[in-house]
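Everything below concerns the one structure shown next.
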């Protein structure tokens, strides 16, 4: 899918959470509901913390592990820019800009459009 950014989005975390499948994680605090999706705040045992979709933590003896590889990296983008969405989930799209940078953007900040042309 190709989108035009309708509202500027600025990444909220300077050092976003990064997890590999099987990494031990701890749940922190209550869940959060955003746009009909449930998010959980987790902390990795290596020290990073962030929000993840509710399906990511998988119970294991003595706690939880990440079910899949995941990063909470968001993509800063300006209104009018065009991006390509590689996957979507929980109200967000993993987008790539024409310059190759990538990260999550809220779907509410995007409008479907025709493909952009690489220069």
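Need pairs with beta-carbon distance below 8 Å; first residue free of Cβ contacts under 8 Å to residues at least 40 places away in the same chain and within the stretch 7-20, second crowded, with 17+ Cβ neighbours inside 10 Å and in a loop (DSSP other than H, G, I, E, B); sequence gap 6+ or separate chains.
Close Cβ pairs (under 8 Å, with a partner that is crowded, with 17+ Cβ neighbours inside 10 Å and in a loop (DSSP other than H, G, I, E, B)) amount to 15/48.
Could you tell me which residue of the stretch 35-54 is modelled with the highest pLDDT, considering only residues that are within 30 Å of residue 112 (Cα to Cα) and out of contact with any strand residue (DSSP E or B) (no Cβ under 6 Å at 6 or more places or on another chain)?
53
Might you let me know whether the stretch 8-29 holds any residue that is in contact with a helix residue (DSSP H, G or I) (Cβ under 6 Å, 6 or more places away or on another chain), under 18 Å from residue 74 (Cα atoms) and at pLDDT 95 or above? Full working, then the answer.
At the first step, the residues of the stretch 8-29 found to be in contact with a helix residue (DSSP H, G or I) (Cβ under 6 Å, 6 or more places away or on another chain) are 9.
Adding the requirement that they be under 18 Å from residue 74 (Cα atoms) leaves 9.
Subsequent filtering for residues that are at pLDDT 95 or above retains 9.
Within the stretch 8-29, one or more residues are in contact with a helix residue (DSSP H, G or I) (Cβ under 6 Å, 6 or more places away or on another chain), under 18 Å from residue 74 (Cα atoms) and at pLDDT 95 or above.
Specify the residue that is farthest from residue 81 (Cα to Cα); the eligible residues are those in the stretch 9-33 that are within 14 Å of the chain's Cα centre (by Cα) and surrounded by 13 or more Cβ atoms within 10 Å (Cβ to Cβ).
Once the filter is applied, the top-ranked residue is 19.
Could you tell me whether any residue of the stretch 92-99 is modelled with pLDDT under 95, closer than 14 Å to residue 1 by Cβ and not in a strand (DSSP E or B)?
no
Is the stretch 73-82 home to any residue that is under 14 Å from the mean Cα position of the chain (by Cα) and over 30 Å from residue 113 (Cβ atoms)?
Checked the stretch 73-82: no residue is under 14 Å from the mean Cα position of the chain (by Cα) and over 30 Å from residue 113 (Cβ atoms).
What is the one condition in (1) modelled with pLDDT under 95; (2) in a loop (DSSP other than H, G, I, E, B) that residue 32 does not satisfy?
(2)
How many residues does the stretch 54-72 hold that are more than 18 Å from the chain's Cα centre (by Cα) and assigned to a loop (DSSP other than H, G, I, E, B)?
Total meeting the criteria: 2.
The values are calculated or read from the model by the stated rules, or taken from the named source; none is laboratory data. None of the values given here were measured: they were computed from a predicted structure. Heads up, the Cβs are rebuilt from the backbone with ideal geometry, glycines too, and the neighbour counts pull from every protein chain shown.
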